[in-house]
Each structure stands twice: as C-alpha cells, then as structure tokens.
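A.B. asks: Structure incoming, see below.
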Amino acid sequence: MVSLRAAGGLCAARATVLRPSSTDELATLLADACRAGKKLTLIGSQRSFGEHFLPVAGARGVALTGLGGDVTPLEGADGDAWVRVPGAFSFEALCRALPGYVPFHPPTGDRISVGGALAACSHDAVDFLATDVRAFRLLAPNGRVYACARGKPGLEGELFELVPGSFGALGAILDVELRLRRIAPGECAEVRVLERCPTPGYAVVERLEQCYQAKEYPLGRGLFLFGRRGPSVLLGDRIVVARPGERARPLLLLDDATERNIVAQALANRWPLPAHRLQPFVFKPDRRFRADLYAFSFYQRSYDRAYTYLSSARAFPRVLRALGVDPWLGVCHQTWVIPVAERRAFLDLYFEVFDEFVDLESRIEQQDMIRLPPCPWPLHGAYGMPDGAFLLTVSLSVQRGQDSEQRARAFFAEVSRRAYAERGVPVLLLKQAHVDDALLRSMHHGYIERLTRVKAEVDPKGVLGSRLLTRLGIG
Ligand SMILES: Cc1cc2nc3c(=O)[nH]c(=O)nc-3n(C[C@H](O)[C@H](O)[C@H](O)COP(=O)(O)OP(=O)(O)OC[C@H]3O[C@@H](n4cnc5c(N)ncnc54)[C@H](O)[C@@H]3O)c2cc1C
C-alpha cells in the first residue's frame with residue numbers, strides 16, 4: 001500500500017499501486033481485472049487537485065508513468081510540428097526531446113503528463129489542449145486498442161470526442177499526436193498589464209471580453225481579482241521578438257529561479273494576505289514583462305516541484321516548516337464555468353456569498369478569471385454554452401483537517417449551490433469539487449449520460465473508476 005495525495009494536499013488515499021512497464025503488461029492487468037471483477041484507477045503524474053486519480057477503498061491504482069516510449073516527430077506545416085508523444089510523458093520530457101518547440105495550450109505545470117492533461121480536457125487561458133490534438137490511441141479494458149482520430153466515423157471518432165474529460169474512465173491514452181509551436185529565434189512572451197482598476201462595475205471583465213472578441217493578446221488573457229471587491233488586474237500576453245541586448249523586466253514565477261519561486265509560493269500560502277495585498281502594486285498599468293516561451297507556458301512549474309523541495313531535509317525548508325509552511329501548500333481550489341451572459345450576475349452572487357464568509361478574505365491566494373471559446377468537447381463543463389464561457393478559479397489557503405478547510409468548503413459549497421440554482425453555473429470537474437454528490441450529479445447529468453453510454457461499449461465490466469467517478473455514480 002502506498003499513500004497518494006493530490007496537488008493542493010486536501011485529497012488523499014492509501015492503495016496498492018501496480019506499475020506496468022509495457023503496454024502488454026497493462027493489457028494483461030486490465031484483462032485480469034475484468035475476469036476477477038476488480039476495480040482499477042489509472043494514475044498519471046498525480047497533479048490533479050481533486051479525487052481524479054484516487055482509487056476507492058479496495059480498488060488498486062495503475063501507475064502509467066513506467067510505460068516508456070519515445071517522442072516521434074511527424075510531418076509539420078508552416079513551421080509548426082506534429083509529434084507523437086507517449087501519454088505518460090510529461091510536458092517537460094516532451095519539450096526536452098524537441099527543443100525549440102512548445103505545445104499550444106498546455107496546462108501550466110510541466111510535470112503533468114500529456115495523457116493526464118488530455119484525459120482531464122485541460123486548457124490554458126485561451127483554449128483547450130485537445131484543440132491541437134489530431135489523434136490518439138486508447139487501450140480500453142475490453143482489450144482493444146482504439147485509433148481515435150478527429151472526424152473518424154464510428155466509435156473511434158466518438159471516442160476522440162469523449163476521451164477528453166473522461167478522467168481515465170474509458171481506457172489508457174497510450175500516445176497522442178499533438179501540434180507544437182516552433183519558437184523562432186528571439187521570440188519570447190510579453191505579459192502586459194492592460195487594466196488595473198476597482199473590481200466593482202466589472203470594467204476589467206468587460207475589457208477581457210473585448211480582448212477575446214477582438215482576438216487581441218492571443219497568447220494569453222486573464223484577470224486577477226484581489227480581495228472581496230478590491231482591485232482587479234487584466235493581463236494580456238503575446239509573442240514578441242526581443243531585440244539584441246534589450247533588457248526586459250522579469251516577473252516572479254516566469255523566470256528560472258525555481259527555489260526562490262517555491263519559497264515565494266510557500267510564503268504566500270502561509271501568509272496569503274500580505275502576498276495578496278502586494279500583488280496589485282507589481283502590476284502597474286501598462287507595465288510589460290518578458291519571459292521565454294517555455295517558462296511562460298509552464299509558469300507554475302515551481303509549484304510542481306514545491307513538495308519535493310519543501311519536504312526535504314535541507315536547512316531552509318526545515319526553517320520554513322518550523323514557521324508553519326505546509327509542504328503540500330494546502331488549498332481549497334475550485335473553478336466555476338460561467339455562461340458569458342451570466343458573468344456579472346455570477347460575480348455579484350459570488351461576492352454576496354463571500355460577504356457571509358469575511359474571515360476567508362485573508363485566505364485568498366488567487367482569484368483568476370479567463371475567457372474560453374465555445375467548447376467542442378462533450379465531457380467538459382463548458383460544453384453546450386454557445387458563446388463559450390468564463391472560468392473563475394479560486395484558491396484559498398487552508399490547513400487540512402482544520403476549521404479553515406471546513407469554512408472554505410462551506411463557502412465553495414454555498415456559492416456552487418446558489419450559482420447552479422440561480423444562474424445555471426456548474427463546477428468544473430477538473431479541479432476540486434466542494435459540492436454534495438447529489439448536486440454534482442445534477443450539474444453534470446449530461447456528462448454522466450454521455451460517459452456511461454460509451455463506457456458500456458469499451459469498459460463493459462466497469463473496471464475503471466476513481467473516487468471522483470464514484471461520486472458521479474460512474475464505474
Ligand atoms: C501546477 C499545476 C498547474 C496546473 N495547471 C493547469 C492548467 O493551467 N490548466 C488545466 O486545465 N489544468 C491544470 N492543472 C490540472 C492538471 O492539468 C490536471 O489535473 C491533469 O489531469 C493532471 O494530469 P496528471 O498527468 O498529473 O494525471 P493524474 O493527476 O495522475 O490523473 C488525472 C486524471 O487523468 C487520468 N489519466 C492520467 N493519465 C492517463 C492516461 N494516460 N490515459 C487515460 N487517463 C489518464 C487519471 O485516471 C485521472 O482521472 C494543473 C495542475 C497543477 C498541479
């Protein structure tokens with residue numbers, strides 16, 4: 001038995017974890033489980049914040065990271081490249097294998113696996129990772145390997161659409177054909193402060209909408225809300241070519257000072273209020289920051305490495321722990337999927353509920369909002385929202401098992417209850433879901449129906465599950 005703990009430290013389990021080292025071994029494990037009526041949970045890089053890779057009691061985990069394989073370059077066009085990458089490869093391993101290229105819309109941690117990100121239908125601040133996937137192979141519990149491709153007729157075409165967001169319920173993604181962006185000489189990311197203004201009135205939200213409609217700042221656009229109706233900041237990102245000798249202003253988290261960034265994140269987690277109050281002063285209107293494109297794309301990579309450093313026996317991490325830093329950087333972390341027309345009403349509601357939880361204001365680590373296009377992926381929470389969606393993600397610094405966790409959970413649950421009842425706003429399954437199971441099922445009834453139908457074909461014995469899928473009544 002080993003301990004498994006999700007990112008953000010709140011969700012944990014103990015389970016036996018099997019570690020196949022080849023696709024054949026994995027196929028045998030799945031076949032044995034089918035015969036014996038056992039339950040398995042697929043495990044990627046364990047970067048989920050929720051219960052996605054945690055087995056239910058009595059089930060076993062299957063770690064996919066030992067499956068091996070190589071990155072295969074395929075034909076490219078217009079300078080970009082298509083590659084076939086093993087699903088268990090991290091984005092870090094992929095980019096090391098092909099220097100000078102980055103994925104178009106990856107999640108912000110580089111140690112997340114490509115298969116895990118696709119299974120979660122992950123996104124960046126502009127679009128979904130799956131937008132730049134044209135094919136993948138899926139090993140299903142029924143023993144078949146499906147060559148899923150965009151636009152393919154039949155089950156393989158259906159699986160192409162339904163695997164993103166299926167959270168390991170349909171099979172293991174063995175490899176993925178992914179388009180990469182070529183980084184031309186001198187190209188780097190420029191992050192520009194477009195707005196800094198008070199949150200009330202939501203001028204900053206409207207400016208984000210304008211940027212989205214005008215397709216401005218195509219590399220990234222996102223806003224940060226500080227405090228309960230405090231200031232708001234909108235950032236817009238684009239690619240620029242740095243002139244030789246040009247000095248650029250760096251930005252914390254975007255540079256390569258990993259240990260310093262981990263320490264900054266640890267202090268912000270331990271004392272969120274001062275950190276939160278300082279940030280609007282860094283983001284002065286029209287300020288510009290630069291970063292290389294890998295660092296920009298994976299700006300949370302220090303968070304990815306934080307536990308290893310903060311739990312180590314080295315002197316400084318020991319001091320930090322003595323000061324009360326939790327190596328897991330405990331957070332209550334949830335995302336709401338907001339139909340475009342509901343953006344102001346939802347924010348009104350969010351702050352109205354927040355007024356009943358004023359004690360949590362000092363625990364805000366981050367409140368960010370992005371604008372995504374219409375979602376073609378049926379198992380994503382934004383599917384069926386014709387104009388696309390805003391996503392509000394809130395991270396509150398909490399201590400696991402303490403009052404702070406209970407309060408934060410209660411706050412998120414109340415926002416979720418009211419937001420769904422009054423505005424039709426669901427919680428995104430990709431993050432933690434602090435709502436009761438009945439409400440979660442009601443929010444995601446379309447998801448449950450679509451996933452259950454296709455699962456009956458590829459996993460008829462219901463071998464693959466997880467604590468999250470069980471909450472949804474699947475598996
Ligand atoms: C620092 C950090 C930054 C992040 N940034 C973003 C972000 O910007 N955008 C975003 O959308 N998300 C983000 N996430 C969330 C992350 O993208 C997802 O949680 C992702 O699913 C984690 O993948 P993983 O490889 O760690 O897999 P795990 O967490 O181990 O598993 C995730 C799910 O995928 C399934 N799975 C894993 N591998 C496979 C496979 N090969 N085949 C089939 N199913 C599989 C598992 O069963 C599980 O349900 C971030 C997380 C962290 C820790």
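A.B. asks: If you check TYR350 against the conditions, is it more than 30 Å from ALA214 (Cα to Cα), assigned to a helix (DSSP H, G or I) and not assigned by TED's automatic domain parsing to the domain that holds GLU92?
C.D. replies: Criteria not met by TYR350.
A.B. asks: Next up: In the range 84-102, what count of residues is obtained for those that are over 15 Å from the mean Cα position of the chain (by Cα) and within 16 Å of the ligand (Cβ to nearest atom)?
C.D. replies: Residues flagged as over 15 Å from the mean Cα position of the chain (by Cα) and within 16 Å of the ligand (Cβ to nearest atom) within the range 84-102 amount to 11.
A.B. asks: ARG305 is checked against (1) within 14 Å of the ligand (Cβ to nearest atom); (2) on the phi < 0 side of the Ramachandran plot; (3) crowded, with 20+ Cβ neighbours inside 10 Å and fails just one. What number does that condition carry?
C.D. replies: In the conditions (1) within 14 Å of the ligand (Cβ to nearest atom); (2) on the phi < 0 side of the Ramachandran plot; (3) crowded, with 20+ Cβ neighbours inside 10 Å, ARG305 misses (3) alone.
A.B. asks: Give the residue, chosen from LEU329, LEU391, LEU360, LEU379, that is buried (at least 21 other Cβ atoms within 10 Å of the Cβ) and either out of contact with any helix residue (DSSP H, G or I) (no Cβ under 7 Å at 6 or more places or on another chain) or not hydrophobic (A, V, I, L, M, F, W, C) (or both).
C.D. replies: Going through LEU329, LEU391, LEU360, LEU379 in turn, the sole match is LEU391.
A.B. asks: Does VAL126 qualify as being surrounded by fewer than 23 Cβ atoms within 10 Å (Cβ to Cβ) and in contact with a helix residue (DSSP H, G or I) (Cβ under 6 Å, 6 or more places away or on another chain)?
C.D. replies: It is false that VAL126 is surrounded by fewer than 23 Cβ atoms within 10 Å (Cβ to Cβ) and in contact with a helix residue (DSSP H, G or I) (Cβ under 6 Å, 6 or more places away or on another chain).
A.B. asks: Let me ask something else. So in the range 44-61, with the set limited to residues that are of a type outside the set (Gly, Ala, Ser) and without any contact (Cβ under 8 Å) to a residue 60 or more places away in the chain, which one is nearest to ALA93 (Cα to Cα)?
C.D. replies: Per the stated criteria, the residue is GLN46.
A.B. asks: Quick check: anything in the range 436-448 within 16 Å of the ligand (Cβ to nearest atom), in contact with a His (Cβ under 8 Å, 6 or more places away or on another chain) and in contact (Cβ under 8 Å) with a residue 12 or more places away in the chain?
C.D. replies: So far as the range 436-448 goes, no, none of its residues is within 16 Å of the ligand (Cβ to nearest atom), in contact with a His (Cβ under 8 Å, 6 or more places away or on another chain) and in contact (Cβ under 8 Å) with a residue 12 or more places away in the chain.
A.B. asks: Whether any residue in the range 153-170 is within 19 Å of ALA6 (Cα to Cα), surrounded by fewer than 20 Cβ atoms within 10 Å (Cβ to Cβ), within 8 Å of the ligand (Cβ to nearest atom) and not assigned by TED's automatic domain parsing to the domain that holds THR258 is what I want to check.
C.D. replies: no
A.B. asks: Moving on to the next point. Of the residues ARG243, ARG270, which single one is charged (D, E, K, R), more than 14 Å from the ligand (Cβ to nearest atom) and either out of contact with any helix residue (DSSP H, G or I) (no Cβ under 9 Å at 6 or more places or on another chain) or within 28 Å of LEU219 (Cα to Cα) (or both)?
C.D. replies: Within the list ARG243, ARG270, the selection yields ARG243.
A.B. asks: Also: Just name the residue that is nearest to the ligand (Cβ to nearest atom) out of those in the range 133-145 that are crowded, with 22+ Cβ neighbours inside 10 Å and farther than 15 Å from ASP24 by Cα.
C.D. replies: PHE136
A.B. asks: Is it the case that the range 336-343 has a residue that's modelled with pLDDT of 95 or more, of a type in the set (Lys, Arg), surrounded by fewer than 16 Cβ atoms within 10 Å (Cβ to Cβ) and closer than 29 Å to GLY384 by Cβ?
C.D. replies: no
A.B. asks: Filter the range 363-372 for residues that are buried (at least 18 other Cβ atoms within 10 Å of the Cβ) and either in a helix (DSSP H, G or I) or acidic (Asp, Glu) (or both) and give the result.
C.D. replies: Answer for the range 363-372, where residues must be buried (at least 18 other Cβ atoms within 10 Å of the Cβ) and either in a helix (DSSP H, G or I) or acidic (Asp, Glu) (or both): ARG363, GLU365.
A.B. asks: Hey, can you tell me all the residues within the range 171-207 that are of a type outside the set (A, V, I, L, M, F, W, C) and either within 16 Å of the ligand (Cβ to nearest atom) or within 30 Å of GLY61 (Cβ to Cβ) (or both)?
C.D. replies: The answer is GLY171, ASP175, GLU177.
Let's see how each residue does on (1) touching a helix residue (DSSP H, G or I) at 6+ places or on another chain (Cβ under 9 Å); (2) farther than 21 Å from LEU138 by Cα:
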{"site": "ALA31", "(1), (2)": "no, no"}
{"site": "GLY50", "(1), (2)": "yes, yes"}
{"site": "VAL56", "(1), (2)": "yes, yes"}
{"site": "VAL62", "(1), (2)": "yes, no"}
{"site": "GLU75", "(1), (2)": "no, yes"}
{"site": "ARG84", "(1), (2)": "no, no"}
{"site": "PHE89", "(1), (2)": "yes, no"}
{"site": "LEU98", "(1), (2)": "no, yes"}
{"site": "ASP110", "(1), (2)": "yes, yes"}
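A.B. asks: Please tell me if VAL193 is out of contact with any Lys or Arg (no Cβ under 9 Å at 6 or more places or on another chain) and surrounded by fewer than 20 Cβ atoms within 10 Å (Cβ to Cβ).
C.D. replies: For VAL193, the condition - out of contact with any Lys or Arg (no Cβ under 9 Å at 6 or more places or on another chain) and surrounded by fewer than 20 Cβ atoms within 10 Å (Cβ to Cβ) - is not met.
A.B. asks: Evaluate the following for LYS152: is it without any contact (Cβ under 8 Å) to a residue 60 or more places away in the chain, closer than 28 Å to HIS444 by Cα and not hydrophobic (A, V, I, L, M, F, W, C)?
C.D. replies: yes
A.B. asks: A further question on this structure: If you check ARG400, ARG314, ARG409, ARG417, which single one turns out to be out of contact with any helix residue (DSSP H, G or I) (no Cβ under 7 Å at 6 or more places or on another chain) and free of Cβ contacts under 8 Å to residues at least 40 places away in the same chain?
C.D. replies: Unique residue meeting the criteria: ARG314.
The values are calculated or read from the model by the stated rules, or taken from the named source; none is laboratory data. Predicted model only: the values in this text are computed from it and were never measured. In this analysis, Cβ positions are derived from the backbone assuming ideal geometry, glycine residues included, and neighbour counts consider all displayed protein chains.
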